[in-house]
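The values are calculated or read from the model by the stated rules, or taken from the named source; none is laboratory data. Treat the numbers as computed from the prediction; the structure is a model and nothing was measured. Methodologically, a virtual Cβ is constructed for each residue, glycine included, from the backbone with ideal geometry; neighbour enumeration extends over all protein chains shown.
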Ligand SMILES: [Zn+2]
């Protein structure tokens with residue numbers, strides 16, 4: 001969150017930071033000078049130890065962490081627990097029948113509030129042959145791979161280190177960095193005699209990339225342990241502009257497969273065309289009845305449950321960097337959907353996306369027939385306060401209105417004979433709702449103010465377009481949830497050649513330090 005190009009004279013200030021910090025008058029509302037004094041002290045400490053921090057990170061990244069390999073996840077958990085114990089955390093291994101979770105807690109004498117930081121230490125599977133360097137042999141390059149970065153010998157590594165260098169390894173960006181950055185933030189604060197102003201709890205997830213299947217059960221079992229006053233969800237990439245960013249929500253998600261039916265066997269399109277019902281055409285009419293060309297959903301009452309944007313949310317969106325044209329150029333899009341409404345606002349609305357349609361064949365596989373079935377797969381993105389069950393009701397009511405008889409198993413010949421139009425629905429899983437923390441939640445306001453002191457151009461994002469099951473936390477814990485992305489946007493997460501830009505690690509260290517040292521007094 002610090003300025004990316006710190007001027008050299010600030011390193012001199014950092015040397016005197018112990019003095020500066022001792023004069024900070026906490027309690028009356030902090031000024032930028034106070035928060036930035038903490039950051040300068042921490043940056044000064046970090047700048048002396050960059051090689052050691054990188055080696056520490058390399059050690060953690062060297063432990064393979066593909067989510068479904070439980071014994072590897074145990075090794076990761078053990079290593080992280082060692083890092084935490086060395087910093088006076090009380091540590092517990094938690095589980096609810098899935099992969100290990102690490103919980104850690106460190107109390108601060110006199111602190112009235114608790115911040116819970118969430119991150120995950122598992123990673124997506126790797127296809128090693130696609131990686132330029134082995135994913136679990138972390139490799140430091142002096143520039144991004146695509147810019148021809150050369151390997152830096154980690155054994156010989158000494159300062160000064162160019163912050164644009166990148167470390168390549170699985171989970172470098174998603175999501176082991178917060179763990180390492182937080183440890184070094186704590187070390188830097190301790191070295192400068194700066195006290196934390198909050199109690200600190202950590203929940204480190206070992207199965208996020210598998211969708212955290214047991215996290216709900218885990219929170220049910222350990223709810224008391226996980227209570228806090230603010231939950232910082234540290235995952236995901238930062239804004240493309242590289243400006244510091246906080247995000248207040250995610251969309252919910254639900255999936256639906258629909259099959260429409262024609263005759264029980266394919267029919268010659270010449271002999272039966274214009275007479276036999278065509279399931280492909282039925283499907284296209286159905287889909288166009290659900291949403292128009294701009295993406296607006298046409299299903300009755302669909303927007304009734306949607307919470308309108310607040311004025312604060314509108315203002316926040318209006319002040320975000322506009323990436324419309326950049327994206328149009330990059331992606332060769334003449335006319336985005338949404339009738340000119342910008343991307344950041346459109347993702348605050350519900351969406352129906354056709355993931356795919358499967359029916360018959362095309363090209364050399366095309367046959368002149370009228371098919372028996374067509375299947376479409378829809379991905380529904382939900383926003384506050386839509387509920388997945390209600391969305392299901394509305395979609396089914398719409399299909400009935402469109403003349404469909406709805407079934408959930410393959411139809412019998414009799415069912416097809418007795419109804420003009422039949423659709424089989426496969427609601428794949430129950431889905432989950434969105435989560436959005438109000439921008440004027442008191443904790444949110446304090447955190448926003450704090451981060452703005454360190455980064456005046458902070459991007460406040462009401463919601464990201466993607467989905468995370470944050471409601472598992474939101475529905476069970478009372479703390480407001482705020483997403484704090486820390487990795488560079490081009491970190492290749494989930495793909496080959498995942499990487500972290502060193503400046504993002506340094507910024508994460510100072511951001512954590514600033515939050516822990518000042519949030520309680522903010
Ligand atoms: Zn992640």
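For the reader, a short list of remarks on this structure follows.
Every residue, every condition in (1) within 16 Å of the ligand (Cβ to nearest atom); (2) out of contact with any strand residue (DSSP E or B) (no Cβ under 9 Å at 6 or more places or on another chain), yes or no:
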{"site": "141", "(1), (2)": "no, no"}
{"site": "149", "(1), (2)": "no, no"}
{"site": "155", "(1), (2)": "no, yes"}
{"site": "158", "(1), (2)": "no, yes"}
{"site": "166", "(1), (2)": "no, no"}
{"site": "172", "(1), (2)": "yes, no"}
{"site": "176", "(1), (2)": "yes, no"}
{"site": "186", "(1), (2)": "no, no"}
{"site": "189", "(1), (2)": "no, yes"}
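- Considering the conditions (1) within 16 Å of the ligand (Cβ to nearest atom); (2) in a strand (DSSP E or B); (3) modelled with pLDDT of 95 or more, residue 259 is excluded by exactly one of them, (1).
- Evaluated against (1) in contact (Cβ under 8 Å) with a residue 12 or more places away in the chain; (2) under 29 Å from residue 399 (Cβ atoms), residue 274 falls short on exactly one condition, (1).
- Complete set of residues in the range 420-445 that are more than 19 Å from the chain's Cα centre (by Cα), surrounded by 19 or more Cβ atoms within 10 Å (Cβ to Cβ) and over 25 Å from residue 393 (Cα atoms): 443
- The set of residues in the range 487-505 being away from the ligand (no atom under 11 Å from the Cβ), closer than 25 Å to residue 452 by Cβ and buried (at least 23 other Cβ atoms within 10 Å of the Cβ) consists of 488, 500, 501, 504, 505.
- Remark: pairs (first residue in the range 391-411, on the phi < 0 side of the Ramachandran plot; second residue assigned to a loop (DSSP other than H, G, I, E, B); Cβ separation under 6 Å; 6+ apart in sequence or on different chains) = 394/299; 394/301; 394/302; 398/299; 405/419.
- Breaking point among (1) surrounded by fewer than 22 Cβ atoms within 10 Å (Cβ to Cβ); (2) in contact with a helix residue (DSSP H, G or I) (Cβ under 8 Å, 6 or more places away or on another chain); (3) under 25 Å from residue 352 (Cβ atoms), for residue 460: (3)
- Pairs with Cβ under 8 Å, 6+ apart, first in the range 208-231 and within 14 Å of residue 92 (Cα to Cα), second more than 16 Å from the ligand (Cβ to nearest atom) and in a helix (DSSP H, G or I): 226/219
- Considering each residue of the range 354-368 in turn, at least one proves to be crowded, with 17+ Cβ neighbours inside 10 Å and within 28 Å of residue 423 (Cβ to Cβ).
- Test result for residue 186, part of a helix (DSSP H, G or I), in the same structural domain as residue 73 (by TED's automatic domain parsing), out of contact with any helix residue (DSSP H, G or I) (no Cβ under 6 Å at 6 or more places or on another chain) and farther than 17 Å from residue 432 by Cβ: yes
- In this structure, residue 405 qualifies as over 21 Å from residue 305 (Cα atoms) and either at pLDDT 95 or above or assigned to a strand (DSSP E or B) (or both).
- Unique residue being surrounded by fewer than 23 Cβ atoms within 10 Å (Cβ to Cβ) and within 16 Å of residue 182 (Cα to Cα) when the list is 68, 88, 72: 88
- Here residue 243 clears all of (1) surrounded by fewer than 22 Cβ atoms within 10 Å (Cβ to Cβ); (2) within 16 Å of the ligand (Cβ to nearest atom) except the condition numbered (2).
- Single residue of the range 215-240 satisfying the filter (outside any loop (DSSP other than H, G, I, E, B) and within 16 Å of the ligand (Cβ to nearest atom)) that is nearest to residue 119 (Cα to Cα): 233
- Flag: residue 391 does not match the condition of being modelled with pLDDT of 95 or more and outside the structural domain of residue 300 (by TED's automatic domain parsing).
- Whichever residue in the range 194-214 is assigned to a loop (DSSP other than H, G, I, E, B) and within 16 Å of the ligand (Cβ to nearest atom) and, among such residues, is farthest from residue 495 (Cα to Cα): 213
- Residue match in the range 263-277 (condition: in contact with a helix residue (DSSP H, G or I) (Cβ under 9 Å, 6 or more places away or on another chain) and buried (at least 19 other Cβ atoms within 10 Å of the Cβ)): no
- From 448, 463, residue being in the same structural domain as residue 237 (by TED's automatic domain parsing) and assigned to a loop (DSSP other than H, G, I, E, B): 463
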